[in-house]
1. Please list, in chain and number order, the residues 5+ apart from Ala113 or on another chain whose amide H is under 5 Å from its amide H, with Hs placed from the backbone.
2. Take Arg18, Arg153, Arg129 and sort them by solvent-accessible surface of the protein heavy atoms, 1.4 Å probe, largest at the top.
3. Round to the nearest 0.05 the FRET efficiency obtained for Val57 and Thr17 when R0 = 25 Å and r is the Cβ-Cβ distance.
4. Volume per residue, Å³, of the convex hull around the alpha-carbon atoms of region 53-119?
5. Using 26 Å as the Cα-Cα cut-off, could you pick out the over-long pairs in Lys92/Lys116; Lys52/Lys78; Lys92/Lys130?
6. Using heavy-atom solvent-accessible surface (probe 1.4 Å) with all chains present, what is the largest-first order of Leu155, Leu50, Leu11?
7. Report the full-extension gain for the segment Trp44 to Tyr174: residue separation times 0.36 nm, less the Cα-Cα distance, to one decimal in nm.
8. Please list 164-175, 99-110 highest first by mean number of surrounding beta-carbon atoms within 10 Å per residue.
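The values are calculated or read from the model by the stated rules, or taken from the named source; none is laboratory data. Computed from a predicted structure; not experimentally measured. As a convention, Cβ positions derive from the backbone with ideal geometry for all residues, glycine included, and neighbour counts pool all protein chains shown. The area values use the complete protein model at the heavy-atom level, side chains included, leaving out ligands, DNA and RNA. Shrake-Rupley method; radii C 1.70, N 1.55, O 1.52, S 1.80 Å.
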Amino acid sequence: MSALTKREAELMMVRNTRMMKKSKPRKKALIPEIHDPSLESRFWGEGPILRKAQLRVGDPIKVSGHTEFGVIIIERCKEAESTHTVSKRTRKGMEVPEPVIDITNETVQIIPAGAKINILVYQGKLIVRKEVSFDIVEYIKPSFSSDSLRKLRLLSVFSGGGTGSAAMVDTGLYESVIYI
């Protein structure tokens, strides 16, 4: 990774999305189909992300993957180091072509198709990684060490559908005795 100045190191935007599935090339009126059951990954970077990163149409970029961290780095580089270039996309009514990146090589296979991803946008650089998630509460059913320990008896008044009672019984600490 290149050395970054403080201004370049500032995170500008985070985008949450999913890795796309690589599909067959389109034919006139046919809908694209997945050609391989292994569902190869495809990274599609659109205009808003690339404009925020100040990547323009025709800019040389280097795509590198770090398997140990599960990260794909896309950054502006010199022409000699480039592996890709920023492409353009034009639509009706657009005065200026929109920048776009479409990568399906082995580097993006680090993150499987359909996985939730975060795209971290820096000046001249995109970092694509699997979404970081964690459980706030770990739920473990208690195990009783002896038969002398009994479950607490539960009286549920105005129980309605009984979902609250059912949740308490599922913890293993309670047994439902009476419900109304």
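1. Under 5 Å from the amide H of Ala113: Ser41.
2. Arg153, Arg18, Arg129
3. So the FRET efficiency works out to roughly 0.70.
4. In region 53-119, the Cα hull volume divided by residue count equals 117 Å³.
5. The pairs that break the limit, which is 26 Å between Cα atoms, are Lys92/Lys116; Lys92/Lys130.
6. The most accessible residue leads, giving Leu155, Leu11, Leu50.
7. 41.7 nm
8. Highest to lowest by the protection proxy: 99-110, 164-175.
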